[in-house]
Amino acid sequence: TYIIRGTIFGQQGATAAAVWVIKVYWAKVLAFIGRVPLLGGIGSVVVIFFTILPVGLYLADMWRRRSKYVDPTTLPSVGVIVPARNEEGLIGDCIRAIDDAAGSYPASCSVYIIENGSSDATYSEAREALADARNIRGVLLQCEPKGKAHALNTGIRHATEHIVLRIDADTLVTSGVLFGLLAHFDDPAVGGVSGMPLPRIQSSWICRMRALEVYYQVGFKRSGYNPLDAIGVLPGALVAYRRRLLVKLNGFAEGVNGEDADMTVRVGRLGYRIVSDPSVRAYTEMPTTFAYLREQRMRWARGTYHMLARNKSGIVMLQGLRCVWMLPWAAFIMFRRLMVVPFGAAAVVLILMSRVRTPPQEVAAGGAILLGVQLVQMAVCMLLVGDRRLIASIPSYLIFRLIVSFFALETLLSLAFDRSPVSTQS
């Protein structure tokens, strides 16, 4: 604990020193950058601090994740739970990828496929793939079509392994996924681990934008939260938990969106560490059409609201940085996304009214806070952990952000508020 706290304070001190050096010795550079439309507020000490800090935290996590030997004979058994509804053409590939990964994993691996109300050949395709598997014990289950969380809880009830790995039916794991994730459970303080789910196809513009987001949000920023133990969500496409913790928490929340984020926070509130390992990668289906993208982003936005409502007591109870810092920060980030569209409209009006080629300083400063800093960090991320070929796509991410921000705003305006009490994890 003291080492982690020392790392945090040391990183903050180093960041503050770096900000001072930049302000003193790069004043002319900052003045020049300040005239750039989306970076007009970059000269602010606060903006510089929050630009540099994620890079420092990422580097601290790289140092923390230096190679550590794990005895293969101590690795736990794993039960892989795959909820599947109308996944014909995908579920077979998913099972075969898990089977291949299990071939290089030294402990036993069972796969629980939970088919829940498919209207296609998902069940028969899964049955055939499990019958052909060589390295796993396959269990094919069926449950009522009451949502993904209900299917996950059905799998948890049937699984007997110490570690439960949740994988979406449209996800392909790589050969090192099992070892990469489960090696972290050698530390008894770890309660949940996830990797980095990347788009299976990056030929479309939407998928390239999503790849930028995954590298930036998961591979870069979320890795920086590891030393702070402040990760707010582990993606449901690829996440492992200690089964006894899932049982203790009565499984995944049913009837809400964002059950993956909710479970991440609740496991953290039990006092266990949450880990994101960007070196462990899988490839999953991503939206390729704007209709699919709209459905996904509205579901994610609702999930954020549901997670915040269910875990707001963690803020009052001061249950770690995840609750004290990351939950309010998640609310602020959601608010910032909601403001992108109104800000863009106001910026256009101000530029037209000013009758000058460059935007007013207020517009430039707002652009730095809402988008500019993120674009700079994204470029750094592609150099450190991402795909450098995607750097050329970063400018068009502005359009993507406007689109998904509109979907977030649409979600807020369509929410139905209920005054009935919401159950929370104490």
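In the stretch 230-342, counting only helices (runs of 4 or more DSSP H) that sit wholly within it, the ones holding 2 or more residues that are among the small types (Gly, Ala, Ser) span 259-269, 290-311, 313-316.
When we screen Tyr105, Tyr69 for residues that are closer than 27 Å to Arg157 by Cβ, open to solvent by 10 Å² or more (accessible area, probe 1.4 Å), at pLDDT below 95 and not in a helix (DSSP H, G or I), the only hit is Tyr105. Before we move on, is Arg127 open to solvent by 50 Å² or more (accessible area, probe 1.4 Å), touching a Leu at 6+ places or on another chain (Cβ under 6 Å) and free of Cβ contacts under 8 Å to residues at least 40 places away in the same chain? Considered against the rule, which asks whether it is open to solvent by 50 Å² or more (accessible area, probe 1.4 Å), touching a Leu at 6+ places or on another chain (Cβ under 6 Å) and free of Cβ contacts under 8 Å to residues at least 40 places away in the same chain, Arg127 comes out as yes.
Filtering the stretch 209-222 for residues that are within 14 Å of the chain's Cα centre (by Cα), among the acidic types (Asp, Glu), modelled with pLDDT of 90 or more and crowded, with 19+ Cβ neighbours inside 10 Å leaves an empty set. Filtered by the rule that a residue be touching a Phe, Trp or Tyr at 6+ places or on another chain (Cβ under 9 Å) and either without any contact (Cβ under 8 Å) to a residue 60 or more places away in the chain or surrounded by 22 or more Cβ atoms within 10 Å (Cβ to Cβ) (or both), the stretch 242-259 gives Leu245, Leu246, Asn257, Gly258, Glu259. Exactly one condition in (1) assigned to a loop (DSSP other than H, G, I, E, B); (2) surrounded by 19 or more Cβ atoms within 10 Å (Cβ to Cβ); (3) over 25 Å from the mean Cα position of the chain (by Cα) is not met by Glu87; state its number. For Glu87, the failing item is (3).
Among the numbered conditions (1) under 27 Å from the mean Cα position of the chain (by Cα); (2) crowded, with 23+ Cβ neighbours inside 10 Å; (3) at pLDDT 95 or above, the only one that Pro197 does not meet is (3). A residue that is open to solvent by less than 80 Å² (accessible area, probe 1.4 Å), modelled with pLDDT under 65, over 22 Å from Pro287 (Cβ atoms) and not in a helix (DSSP H, G or I) occurs nowhere in the stretch 384-405.
Just to verify a result, which residue in the stretch 364-381, among those that are farther than 12 Å from Val55 by Cα and open to solvent by less than 10 Å² (accessible area, probe 1.4 Å), is modelled with the highest pLDDT? Only one residue tops the list, namely Gly372.
The values are calculated or read from the model by the stated rules, or taken from the named source; none is laboratory data. Since the model is a prediction, treat every value here as computed from it, not as a measurement. Quick reminder, even Gly has a Cβ in these numbers, built from the backbone with ideal geometry, and neighbours come from all protein chains shown. Keep in mind that these areas ignore ligands, DNA and RNA; they rest on the heavy atoms of the full protein, side chains included. Shrake-Rupley method; radii C 1.70, N 1.55, O 1.52, S 1.80 Å.
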